[in-house]
Each structure stands twice: as structure tokens, then as C-alpha cells.
Amino acid sequence: MSESVPMDLIGVRIEYPTNQPIVLLRESHGKRFLAIWIGAMEATAIAYALEGVNTPRPFTHDLLRITTEVLGGQVTRVTVTELRDSVYYADLVLSRDGEEIHVSSRPSDAIALAARTGAPVFATPEVLDDAGIEIKDDHQEAEVEAFREFLEDLSPEDFRSG
């Protein structure tokens, strides 16, 4: 497998008309994006982490972060490793006492944890080749900028189901 590609966590959005949340990643030194469909709870968890929202009681991803720290570990990185049958897979890498621990994970959970810990997110070149969407011209760049502005106007309450 080739060296993984650094990704920037752009944010979450609701895909219309299905109202399905997605997490959007962008290649740090390129123009490709990954849009990964996720659950509403994970979308809320990622949005809360990105906006620095503190809840009265820890969410599951907060609990996992706290538990990892209490056990003397840290989240080292997250890599989106595979796309198989329209399902993404990720590798959550923890470290403790100089040892790396790899945990197979759903990308949404791993990214929610990375958003809480500041751990970097990567994707394999194979995933980017299979599912990456490239932005090629200035018009598309303007659309991406408009999307970023849309994300900035979102609040965690936008992801609560009614």
C-alpha cells in the first residue's frame, strides 16, 4: 500500500434531497475531496467537536478520548483505508508506551475522535483514486467556497432530529 495522503476535515453537511449527513474531507495538498455518508449522531459529534461545544455529559466519542488518555494513550492518526461495496473503512491508530495499536473503525467514529484530539486524518491513495472528487476550475472553487460559508453558518442544533 502506498503512503497515505493527509486530509483536512472541512466539516459536515446535510445532503439533499435525502437529508443524509456527510463528512467532507479535502486533500491537504491537492484538489480532491472525499464525501463520506455518516449517521446523524456522528454528524452531530463531529459538528460539536469542530465548534468546540461542551456538553454537560460526555458523548461516546468524548468518553473514548477520556478513556484513552486515562489509560496513558493518545490518538495518533486516522486513515480512511478502503472503499468496498460502497462502504468506507478506517484505521484508528492509538499509541501507548511507544507501541502503536491499530483499531478497525467506521470512518465517522474515527473522524469524530480525531476532531476531539487534534489527530491528523489521512486517506489511502487508492481510496482517493476510487472516490475522490477533483475540483478543476475557478467556478467549482467558488462553489467550494460557498459550501465552506454554508458550513460556517451551521450550528450543532441543525443536526438534531425532530
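Observations
- Under the convention that each Lys and Arg Cβ holds +1 and each Asp and Glu Cβ holds -1, the size of the dipole of the stretch 1-134 around its Cα centre is about 440 debye.
- Difference of contour (0.36 nm per residue) and Cα-Cα distance, HIS102 to GLU126: 6.7 nm
- The residues of the stretch 24-92 expose on average 55 square angstrom of accessible surface per residue, using a 1.4 Å probe on protein heavy atoms.
- Formal net charge of residues neighbouring ARG65 (Cβ-Cβ distance under 13 Å; K, R +1; D, E -1): -2
- Neighbour net charge for GLU82 - beta-carbon separation under 11 angstrom, K R +1, D E -1: -3
- Maximal additional length on extending the ALA35-THR55 stretch stands at 4.5 nm, based on 0.36 nm per residue less the C-alpha distance.
- Label-to-label distance, nm, for residues given as SER86 and GLU134 (7 Å Cα→Cβ offset): 2.6
- Amide H contacts under 5 Å for GLY73: none, restricted to partners 5 or more places along the chain or on a different chain, H placed in the peptide plane at 1.01 Å from N.
- ILE10 long-range amide H proximity, modeled H, under 5 Å: LEU24, LEU25, ARG26
- Less than 5 angstrom separates the built amide H of VAL5 from those of ALA123, THR124, all sequence-distant by 5 or more or on a different chain.
- Dipole of the stretch 36-142, positive direction: furthest Cα of VAL78, GLY132, LEU113, with charges on the beta-carbon: LEU113
The values are calculated or read from the model by the stated rules, or taken from the named source; none is laboratory data. These figures come from a predicted structure and were not determined experimentally. Heads up, the Cβs are rebuilt from the backbone with ideal geometry, glycines too, and the neighbour counts pull from every protein chain shown. What goes into the accessible areas is simple: the full protein's heavy atoms, side chains included, and nothing from ligands, DNA or RNA. Shrake-Rupley method; radii C 1.70, N 1.55, O 1.52, S 1.80 Å.
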